[in-house]
Amino acid sequence: MIGAYIHIPFCNRICSYCDFSKVFYNKKIVDDYLNELELEIKDSYQEEELNTIYIGGGTPSALDIKQLEKLFKIINTLKISKLKEYTIECNFDSITKEKLDLFKKYKINRISFGLESTINKNLKLLERNLDKDKVKEIINYCHKIGINNINVDLIYALPNETIDDLKKDLDFIKSLDITHISTYSLMIEDHTILNNKKTKNIDENLDREMYELINKELNEYDHYEISNFAKEKKYRSIHNYSYWENKNYYGFGLSSSGYLNNIRYTRTRSLTKYFNHDYMKDNGIEFLNTKDKIYYEIILRLRTKEGINLKEFKNTYHNDLEKYYDYKDLLEKNLLELKDNHLSIPTNLWYISNSIIVELLEGERNERAI
């Protein structure tokens with residue numbers, strides 16, 4: 001059983017920080033896109049039983065009722081009778097009770113809302129709208145109809161953001177009846193409005209102080225991945241966790257990525273190519289050998305609290321991890337820890353996890369047992 005990510009690239013407005021594939025909502029283009037998505041799925045789906053579906057964007061909730069219903073009917077052609085998790089991303093300014101009722105009808109059981117901030121100056125910078133009363137109303141309605149697994153996204157480390165601003169955002173989010181919180185430090189990406197405006201990232205020391213404040217304020221949550229917090233372990237994102245466990249999943253739709261049968265692939269970002277049935281990005285296919293798979297295993301699993309299960313690793317690769325990478329020095333420096341046969345980065349060092357992972361990868365053995 002594997003997962004499937006489905007990309008809906010349409011938005012009612014373009015946020016200043018967003019580097020994902022996105023297009024201004026246009027009814028005709030959306031209708032054409034859904035027709036093409038149906039063809040793409042028929043072309044590439046291999047009839048596997050799916051355990052998770054994640055509809056992301058863009059803003060899937062920007063679609064109207066008829067378009068959403070068509071999307072769900074397309075998804076119903078997949079083998080989804082054993083789904084454990086069925087997620088859709090939404091923005092509060094494009095969601096309605098009617099759309100939520102439709103989600104319930106089609107058995108969606110998890111919603112991920114882009115809140116990002118509650119502070120006016122931050123919302124202006126991000127080019128977003130937010131009505132806190134509507135946030136509460138929508139979340140209450142989700143519970144009323146039985147959709148109780150709810151995530152909220154938060155972006156922090158914005159220019160001119162203060163610690164007090166971040167505390168107010170966290171206080172509001174904690175006041176909501178939700179099961180999951182995802183927090184992301186603002187990255188100024190190429191091809192974004194912020195980058196075009198020459199916006200600079202905040203001081204790294206302040207960024208770290210904000211990250212540590214988030215960890216402190218959310219200490220009652222299960223901080224199971226660098227950026228993700230679940231109210232309880234059972235509310236961890238099953239779909240996203242499959243990424244971090246380096247498991248197989250489909251990617252359907254514009255710019256989506258997938259990983260199947262030792263192949264990582266990325267779909268084109270060009271609507272013109274996509275509408276011409278030319279789905280794959282140029283040079284968008286990566287064939288993985290054992291060395292490549294172990295590389296991904298390390299960088300993905302070390303994002304999580306559990307880290308690398310060394311017994312599972314040996315069963316998969318028929319050798320111990322230390323045959324490939326020398327990590328003893330990192331253990332001695334307490335940059336890695338080994339507990340119950342799991343190798344992980346201590347949670348108090350997650351802020352510098354990238355440098356630790358780089359150091360581990362630099363410990364590659366000269367004589368590889370592949």
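None of the figures in this text is laboratory data; all of them are computed from the coordinates on show. The structure displayed is predicted, hence computed values, not measured ones. Don't worry about glycine lacking a Cβ; one is built from the backbone with ideal geometry, like all the others, and counts go over all protein chains shown.
Observations on the structure shown:
- Dipole magnitude of the chain, debye to nearest 20 (Cβ charges: Lys/Arg +1, Asp/Glu -1, about Cα centre): 1060
- In loop segments of the range 314-370 as defined by DSSP, the GluC sites (Glu not before Pro) with at most 16 further C-beta atoms inside 10 Å of their C-beta are Glu362, Glu367.
- Whole-Hz Karplus values for the range 128-143 come out as 10, 10, 7, 10, 5, 5, 5, 3, 5, 4, 5, 5, 4, 5, 4, 5 Hz, taken residue by residue from phi with 6.51 cos²θ - 1.76 cosθ + 1.60 and θ = phi - 60°; glycine and proline positions read x.
- Long pairs among Lys42/Lys105; Lys66/Lys104; Lys22/Lys247; Lys73/Lys99; Lys124/Lys167, criterion Cα-Cα beyond 22 Å: Lys42/Lys105; Lys22/Lys247
- Value in Å of the Kirkwood radius, where the range 224-316 supplies the Cα pairs that are averaged: 14.9
- With a Förster radius of 51 Å applied to the C-beta separation of Asn319 and Lys144, the computed FRET efficiency comes to 0.45.
- Theoretical gain in end-to-end length, Lys107 to Asp278 [0.36 nm per residue, Cα-Cα removed]: 58.4 nm
- Longest to shortest principal axis, alpha-carbon extents of the range 2-244, angstrom: 49, 39, 34
- According to the Kirkwood relation over distinct C-alpha pairs, the hydrodynamic radius of the range 290-361 is 12.1 Å.
- Using the average count of surrounding beta-carbon atoms within 10 Å as a protection proxy, the listed peptides 208-214, 54-60 rank, highest first, as 54-60, 208-214.
- Computed over the range 158-301, the Cα gyration tensor eigenvalues convert (square root of 5λ each) into semi-axes of 32, 22, 15 Å, ordered from largest to smallest.
- Computed from the C-beta positions of Asp64 and Thr199, the FRET efficiency with R₀ = 35 Å rounds to 0.55.
- The order of Glu297, Glu127, going from fewest to most other C-beta atoms within 10 Å of their C-beta, is Glu127, Glu297.
- Each label was represented as a point 7 Å from its Cα along the Cα-to-Cβ direction; for Val358 and Asp177 these points are 4.6 nm apart.
- This ranking places Phe72, Phe92 by how few other beta-carbon atoms lie within 10 Å of each, fewest first, which gives Phe72, Phe92.
- Proxy reagent accessibility, fewest Cβ within 10 Å first, across Thr118, Thr347: Thr347, Thr118
- 14 Å Cα-Cα reach of Lys82 towards aspartates and glutamates, excluding residues that sit fewer than 8 places from it in its own chain: Glu47, Glu48, Glu49
- Amide H contacts under 5 Å for Ala4: Thr52, Ile53, Tyr54, Tyr250, restricted to partners 5 or more places along the chain or on a different chain, H placed in the peptide plane at 1.01 Å from N.
- For the range 13-138, alpha-carbon Rg over 2.2 N^0.38 Å: 1.13
- Here the range 150-208 is described by how far its Cα atoms reach on the three principal axes: 37, 23, 16 Å, from widest to narrowest.
- Taken one residue at a time, the phi angles of the range 6-17 give Karplus couplings (6.51, -1.76, 1.60, θ = phi - 60°) of 10, 9, 10, x, 8, 9, 6, 8, 9, 6, 5, 9 Hz. Gly and Pro are set to x.
- Beta bridge orientation in the chain: antiparallel %, DSSP, nearest 5: 40
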